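Worksheet for the structure shown next.
Values in this text are rule-based calculations from the coordinates and carry no lab data. Bear in mind that the values here come from a model prediction, so they are computed numbers and not experimental data. We place every Cβ from the backbone using ideal geometry, glycine too, and count neighbours over all the protein chains shown.
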């Protein structure tokens, strides 16, 4: 598990509304971000890996199960690699940091969930560091 790669945020609420903040999340490396809204809560997206690119995941709405795997060899990875599971939701503010060298797969826990992804690579750089593996290659826990 990458416990050091989970940045906890905080919530503040008063009569004006609420604020969610991540004062411990250093965004110096981030060059782009995007939002993913799955069509339903049954689809699993993955496995996608990067040798060099880093990613940070933040749940904007709903919840997500995210599994990550440290890839041992990008040309011929072992079929016996083990996944670590993380759960992100819009109630407990957290950012999951995924270093280079990992594969990710995720699924929404509920309908209309939204996941924000930050990257330290431009889109063109990312395309040259993109490795995709079938969902069947590694097992992962998709239970809440």
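Give the Rg/Rh ratio for the chain, taking Rg as the radius of gyration of the Cα atoms and Rh as the Kirkwood radius, to two decimals.
Details: Rg = 15.4 Å, Rh = 15.8 Å.
Ratio value, two decimals: 0.97.
Distance in nm between label sites at residue 139 and residue 31, each 7 Å beyond Cα in the beta-carbon direction?
3.9
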